[in-house]
């Protein structure tokens, strides 16, 4: 245990040395209630304000390469496109060194709106490939040298770039009554010596590939996700994920909403991380405004986050069992999840759409029965975990189907940015609760569960062990929830100061981040969520290659993505 | 893959299968968790914080607390609430606003509680109803203030 | 012990003497009657099995299962069957219509003929001759043709993969079934189902007589039989989470219903065969020395014994199905070729040795 404490202390030191995205600093500004009602402009700079370094497009790739190679920035945390209207289109890169936890934030602005070109970073980080497609899709920024410059979420025959502020989306895109085209080629934009751009076509599949569609309506894609899978007999040659079937444009909708209104949509991203998503957004807004929430709120939020994590991991277990054909174990998981949902419902009023966190606190104080119910739940769950192990974990069929299947190395998970349990199964210590403790995580003791095998079985065991760790965290907090306000008094109209802000939490399946760019209005100018699921889908091709169709299901189940989080 | 001999592998495999069989057989005899809805309709009680649909509580004198200020309408992210109010002149000659019609569209409500939080008078609240299915979408648009109701006078 | 031949003899004499039928006419009438009885039984057992599966599965899963239609949901399956009968059979473009429509009939036919092989009672065998076991094995293999045709004619990639898996799986596991049956034939010395049962009525159940090799054969038979029925954990050909519904993805209405029916009846046939070969078929439980007990047991009709034993085995198979996750195709094949086949072969030798040395009870 002392070792763990040391580690925590170290990581805290490391975190405080980081220029941006500091922990949920206890030493922030004064409580909101005491502050004058002038437009939001905190005395101190917000702890989560980002100060990106401006880089020209021409020098961007060299700078990224320098950071990647020399400063060991091996993790591309997030890549955000922003439309600055007259100032051009911006791309914000957030990099992190996974050993020293040092972060670097770069921003590249291009003024050419007709043909914006930015060099691709796909050769440095695997996940950049997917992130850049997203930016291209929404902002039309072409990344030169990117091998697969297709749209990521929108239909291929979509006209315009919907996240641009001047896009006439409705006018250009009437309801189409034709089937969605799916091209078999991708385009690469190559920058030639004389500064011109050439489009090069690449085929996605080979001539003799036997391509089957797993999804968009398929029992084990966990939502409306579409994989085009090239097979050779039962073996998988290549997977091409087709995303966006339930893309709702949450980020774009949020630009028209006030800050309290944006909260309602977070529960609908990763619905198994509703608490944590909303926690992240609330935290980002609170930190940007310099509001400090009470201790009571911090503890309640921590307990709720952990309950949500247990809920998510139980569902993970259940769905994995279901995917592998163990239907009975699936229902055992659901039986236990019901208990958590009851706890949620009693306090929050909802089971899936919890709607609990709010700016400055939580919607309502915990229900009088809450503590009692949670205390009953902890031993109950411990007992049932054993049952899970009996019926499923130890089963020789499951062991054979998961051990050594879909192995991901540590380098791969970092390069793909697979945070959460998937990353930890490959030996990457990425638990934000340890690295940069927020809320009440600095006052509890728990282990960061990691494994080194990186196979499906490790990913599975990580989740089950994390349930136990979460129970342990809740156990430490449940008896001493401090007194205090459950919600700080906020002004009726919430405005953020001008700037870019980023906060993140450890979601159920990885680091969930919120990027807000504010112009000082009551709505965000740009709101971007770092999806926890997108890297997990992006890694599927690598993880599944040369495995069998049945393994695709196992791997898909164990990397544990949730589609509404990918298609925001 | 663990290193196991052929026979050892079989033995441990069978043992693991037997553990699973034992577990399911034990569950075969445990009490079942199924809730038999709609048979339990009478006894099924939702938690008091459950958000079923928006209502405007009226007292026995058919009075509600809504003054028609429209804050809820402004707070609603989906435009589910439409408040119609009119100006009228009280007996002592003051111009006052009063509620004419409070329309609520359950179909587009996402139960975010912003309206109830915004309401300065506690005039609206969520109830615990959960059987909200109708055959026609138009029926989801409800008028919350009752016929002939009026604002409760402040005491 | 009640012998069913009294009824059949009476019927035959009734038809020939009282009704004045010619011999061929009487036999024809009897065949038609038997066919009707078999088809009715087939449907009745399918309904009973589906209801049982839903209830047993629900109880393993802490649920109640169907409760709504009729008392304890007893009429649920009837309403499901009725629904299935009224559904449209959708014909698709770009499929091989003839084969597509033929396939479910092949499957259901194979399962009906094997169903007719079961010895229901003393004297109540429908298809019974001296190489009955061979006949059973041969006919049950027709079903796989139907599955392969279904996969091929559907013009659907999922169906094709499912059918191919099914082909590989069923053909492999037939070996195990054959070899375990062979081991038991060693013990009984006959291939006729009626004589196998009679033998067990006289000498005691095979699983007791054959002790160790018979128990091993029984377990292997259960595993292989489960695989033969395409049931979990061997339900790869139609495994829902990978191939949506495998070979019958494109079938609708009663065509799908035939597959569904055949799946459950194959389960019953598999269990019925297990009870015939290992558990004495219609032979009642007899314990040497307990005459009173034996008399009571013998009083229970053979058909009850047979069906009771078969349902006991069905329950065992359901227990397996609702406990284990699904295997992967390579694991299914390696289970068969690396584990079951060597074991059955050794077991066959062991059984032959036991029989030759007279080490049987």
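Overall form of segment C:95-357: prolate. Here a/c, set by the Cα gyration tensor axes a ≥ b ≥ c, is 1.5 or more, and a/b is the larger of a/b and b/c.
Distance from the alpha carbon centroid of segment B:1-80 to that of segment C:296-361 works out to 41 angstrom. Where the centre of each part is set by its Cα atoms, how far does segment A:235-276 sit from segment A:364-417, in angstrom? Here the two parts' Cα centres lie 24 Å apart.
Packing around the peptides A:210-219, C:112-121, taken as the average count of other Cβ atoms within 10 Å per residue, puts them in this order, highest first: C:112-121, A:210-219.
Dividing the helix sum by the residues of chain C, where each DSSP H run of 4 or more adds -39500 (n - 2.57), gives a mean residue ellipticity at 222 nm of -22500 deg cm²/dmol.
Take every Cα pair under 8 Å whose residues are at least 6 apart in sequence, average their separation, divide by the length of segment C:95-357, and the relative contact order is 26 percent. Under a Gaussian network description of chain B, with springs only between Cα atoms under 10 Å, the residue in B:38, B:120, B:77 that fluctuates furthest is B:38.
Within 10 Å of the Cβ of each residue in A:394-407, the mean number of Cβ atoms contributed by other protein chains is 5. The mean number of partner chain beta-carbon atoms within 10 angstrom of a residue's beta-carbon across peptide C:312-324 is 4.
With the highest mean first, a sort of the peptides B:9-15, A:193-199 on other beta-carbon atoms found within 10 angstrom per residue produces B:9-15, A:193-199. Between C:291, C:235, C:80, the GNM of chain C built on Cα springs shorter than 10 angstrom shows C:291 fluctuating the most.
Where only DSSP H runs of four or more residues are counted, chain A gives -11500 deg cm²/dmol as its mean residue ellipticity at 222 nm, each run worth -39500 (n - 2.57). Helical content alone sets the calculated 222 nm signal of chain B at -6500 deg cm²/dmol, taking -39,500 (n - 2.57) per DSSP H segment of four or more residues and averaging over every residue.
Among the residues of C:50-62, the average count of other protein chain beta-carbon atoms within 10 Å of the residue beta-carbon is 4. Here A:504, C:336, A:85 are placed in order of increasing Cβ neighbour count within 10 Å, fewest first, which gives A:85, C:336, A:504. Measuring r between the beta carbons of residue C:23 and residue A:180 and using R0 = 60 Å, the FRET efficiency lands at 0.30.
With neighbour counts taken as other beta-carbon atoms within 10 Å, the residues C:254, B:46, A:283 rank, fewest first, as B:46, C:254, A:283. The value of relative contact order for chain A, using C-alpha pairs under 8 Å at least six residues apart, is 18 percent.
Of the residues B:126, B:28, B:111, the one that moves most in a GNM of chain B with alpha-carbon contacts below 10 Å is B:28. The fewest-to-most ranking of C:41, C:15 by surrounding Cβ atoms within 10 Å reads C:41, C:15.
Just check segment A:479-568 against the gyration tensor rule for me: Cα atoms, a ≥ b ≥ c as the square roots of the eigenvalues, rounded for a/c under 1.5, and otherwise prolate or oblate depending on whether a/b exceeds b/c. Taking the square roots of the gyration eigenvalues as a ≥ b ≥ c, segment A:479-568 is oblate.
Just so you know, all these numbers are worked out from the coordinates, no wet-lab data involved. Because the structure is a prediction, the values reported are computed rather than measured. Note: ideal-geometry Cβ built from the backbone for every residue, glycine included; neighbour counts use all protein chains shown.
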